[in-house]
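The values are calculated or read from the model by the stated rules, or taken from the named source; none is laboratory data. Computed from a predicted structure; not experimentally measured. Using ideal geometry, Cβ is built from the backbone for each residue, glycine included, and neighbour counts are taken over all protein chains shown. Note: areas computed on protein heavy atoms with side chains; ligands, DNA, RNA excluded. Shrake-Rupley method; radii C 1.70, N 1.55, O 1.52, S 1.80 Å.
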Amino acid sequence: MSMSEVNKMSVKQRSRLALNNDFLRSAVKFTTERLRSGKQQAAADHGHWDTWRERGRQIRLHTITNLDYYLNVFAENARANGVHVHFADTAEEAVTLSLQIAERKGAKSVVKSKSMVSEELHLNKALESIGIEAVETDLGEYIIQLADEAPSHIIIPAIHKNRHQIAELLSKEAGKTLPPDTSVLAGFVRNKLREKFLDADIGMTGCNFAIAETGSIVLFENEGNARMVTTLPKTQITLMGMERIIPSWSDLEVMATLLPRSATGQKLTVYMSGITGPRREQDGDGPEEMHVIIIDNGRSLQLGDPEFQELLHCIRCGACLNACPVYRQIGGHAYGGTYSGPIGAVLTPALKKNVAEWDDIANASSLCGACYEACPVKIPLHDMLVYLRRRKVEAGLGNKAEGAAMKGFASVMGSSRKYRRAIRLGKLGQKLIVRDGEIRTKIGPLKGWNSYRVTPSLPKESFRDRWPTLEQEMSQRLHKMDAEVESRLKQILNERKEGGKKI
Ligand code: SF4
């Protein structure tokens with residue numbers, strides 16, 4: 001099934017598709033588990049993880065609160081370094097700017113390092129539409145480009161594919177059968193991409209952080225491909241979400257501690273590159289021309305919004321995906337947008353105004369709060385998910401039957417008389433469907449729940465029924481304990497009087 005067909009489905013349909021895909025489920029489970037335990041170990045080894053999380057949160061809070069100031073400082077310093085800085089309000093503007101630069105340079109091919117913003121813009125398709133070859137050079141991105149799919153994880157784009165599926169894809173590209181051996185497959189891609197790096201007219205990158213004080217951009221990566229992208233082609237274009245900025249290099253120290261540990265459990269990624277302008281006379285390599293496109297594309301909708309502004313603190317580490325019990329079962333494509341997992345479930349609706357279309361993905365959450373616990377900058381995603389659900393109901397787009405059920409529930413829970421009557425009726429009604437203390441029927445609203453688990457029946461005696469007896473028992477027990485303590489104290493005091501005995 002093609003990606004466009006999948007994207008036309010509802011969240012429920014996409015989730016069902018993912019749940020029926022055993023390859024996807026085992027691949028996603030295996031990798032998220034590895035990343036999650038790596039992160040937990042790295043945080044434990046660090047020793048002061050929560051203090052640094054709070055430092056990270058404070059840096060992001062300060063930066064986003066003063067975003068206009070830091071963006072101006074960055075732009076001024078980057079321009080002084082010889083960088084062409086552009087601002088794009090929309091995805092269309094960012095694409096147009098990129099295409100104009102490529103056309104002006106007479107580019108035939110573009111090599112790209114990993115960039116989620118570029119996915120957001122669907123830039124590859126736009127480049128191809130004017131006859132420019134766009135080649136992803138991050139291994140995971142390269143694989144999903146061949147598969148004509150979108151990334152299903154922020155940092156591991158091909159997380160849903162196993163070795164055998166990857167071998168099949170690369171074999172098609174190679175024109176011969178390649179074994180599902182990781183070193184053979186990586187070797188093939190390395191050779192293939194080497195030619196692309198050498199031939200490319202433009203190198204295109206994302207931006208992990210932009211440093212306002214020097215107008216530099218910083219890239220974290222493990223494969224070295226971003227270094228090739230930023231040194232071999234004559235022109236470099238960096239696509240930067242406008243929230244990627246931090247004030248200074250000393251703030252980067254905190255971010256460089258939080259990001260790799262949260263993403264993969266590494267103390268530091270294999271490569272961390274700081275780029276401050278195009279190549280200077282004394283430089284051995286680097287682009288002759290450098291452009292930074294600072295992209296809004298819905299981000300400013302979150303500025304000043306008390307419910308969503310903290311989304312702009314996100315450093316795109318992917319830790320919330322690895323921790324999420326829902327993502328770990330359904331992978332990224334079920335979410336439908338560019339971003340998946342808990343951050344995607346909030347970010348996609350927040351970037352769009354279309355409540356009806358996108359707020360549904362807020363239901364793909366158990367609201368357990370694991371995403372908040374995992375987040376290195378403490379974004380309260382679980383609260384935002386609740387807000388999104390509320391927003392949908394307030395817009396009159398909630399499920400009518402669910403709304404009626406909630407009203408009934410509220411009325412019963414608000415009156416002890418109604419509550420007692422409901423329990424009595426429930427006990428009578430359940431007699432027809434209880435087997436061995438469990439309700440397994442898949443009729444009506446119980447279908448979804450009981451397809452994967454069982455509902456315990458109402459007990460013969462409820463907590464309320466037991467409470468008067470329990471209260472009496474508890475008070476007798478406490479009384480007995482008081483008497484025992486009193487007698488033991490008397491005994492100790494007597495022993496002291498009698499001979500200064502050691503207690
Ligand atoms: S929300 Fe937090 S955990 Fe999730 S990607 Fe962003 S920074 Fe990482």
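Would you mind classifying the range 186-286 by shape? Square roots of the alpha carbon gyration tensor eigenvalues, ordered a ≥ b ≥ c; an a/c under 1.5 is rounded, otherwise it is prolate if a/b is larger than b/c and oblate if not. Oblate. Checking the cross-link pairs 192/267; 8/407; 12/352; 12/172; 114/161 against a 23 Å limit on the alpha carbon distance flags 192/267; 8/407; 12/172 as lying beyond it. If a/c stays under 1.5 just call it rounded; otherwise compare a/b with b/c (prolate if a/b is bigger, oblate if not). Do that for the range 307-379, with a ≥ b ≥ c from the square roots of the Cα gyration tensor eigenvalues. Oblate, because a/c is 1.5 or more while a/b does not exceed b/c. Each residue, residue 394 and residue 172, gets one label point 7 Å from its Cα in the Cβ direction; the gap between the two is 4.6 nm. Within the same chain, lysines fewer than 8 places from residue 431 are excluded, and of the rest, those with a Cα less than 20 Å from its Cα are 442, 447, 460.
Cross-link reach is defined here as a Cα-Cα straight distance under 17 Å, omitting same-chain residues fewer than 8 places apart; for residue 196 the aspartates and glutamates meeting it are 128, 133, 136, 138, 141, 173, 223.
Distance between the 7 Å Cα→Cβ label points at residue 45 and residue 72: 4.4 nm.
Taking a sphere under 14 Å around the Cβ of residue 83 and counting the other residues whose Cβ falls inside, with K and R at +1 and D and E at -1, yields a net charge of 0. From the square roots a ≥ b ≥ c of the eigenvalues of the alpha-carbon gyration tensor of the range 260-338, which class results: rounded (a/c under 1.5), prolate (a/b over b/c), or oblate? Judged from the Cα gyration tensor, the range 260-338 comes out oblate (a/c at least 1.5, b/c at or above a/b). What share of the DSSP beta bridges in the chain is antiparallel, in percent to the nearest 5? Expressed as a percentage, antiparallel bridges in the chain total about 30. Accessible surface calculations at 1.4 Å, restricted to protein heavy atoms, place the range 20-149 at 50 Å² per residue. Candidate cross-link partners of residue 480 among the aspartates and glutamates, defined by an alpha-carbon separation under 18 Å and a same-chain spacing of 8 or more, comprise 471. FRET efficiency for the pair residue 2 and residue 130, taken as 1/(1 + (r/R0)^6) with r the Cβ-Cβ distance and R0 = 22 Å, rounds to 0.45. Using the Cβ-Cβ distance between residue 79 and residue 300 with R0 set to 25 Å, the FRET efficiency from 1/(1 + (r/R0)^6) comes to roughly 0.70. Rounded to whole numbers, the Karplus 3J(HN,Hα) couplings from phi for the range 116-122 are 5, 5, 4, 5, 4, 8, 6 Hz, using 6.51 cos²θ - 1.76 cosθ + 1.60 with θ = phi - 60°, and x at Gly and Pro. Averaging the sequence gap over all C-alpha pairs within less than 8 Å and six or more residues apart, then dividing by the number of residues, gives the chain a relative contact order of 18 percent.
Reported to the nearest whole Å, the Cα centre-to-centre distance from the range 175-216 to the range 1-37 is 26. Each residue of the range 445-452 is assigned a 3J(HN,Hα), and the resulting list reads x, 7, 4, x, 5, 6, 5, 10 Hz, derived from the Karplus form 6.51 cos²θ - 1.76 cosθ + 1.60 (θ = phi - 60°), x at Gly and Pro. For the range 1-118, carbon and sulfur atoms together expose 51% of the accessible surface, with a 1.4 angstrom probe and every protein chain in place. Be a star and scan the range 295-337 for residues whose amide nitrogen sits under 11 Å from the point 7 Å along the Cα-to-Cβ vector of residue 19. 330, by backbone N distance to the label point. Here the accessible area of the range 411-503 is 57 percent carbon and sulfur, with a 1.4 angstrom probe and all protein chains present. Given their separation in residues at 0.36 nm each and the Cα-Cα distance between them, residue 352 and residue 483 gain 40.5 nm when the chain is fully extended. Measuring nothing but protein heavy atoms, the accessible surface of the range 198-262 at 1.4 Å probe radius is 49 percent carbon and sulfur.
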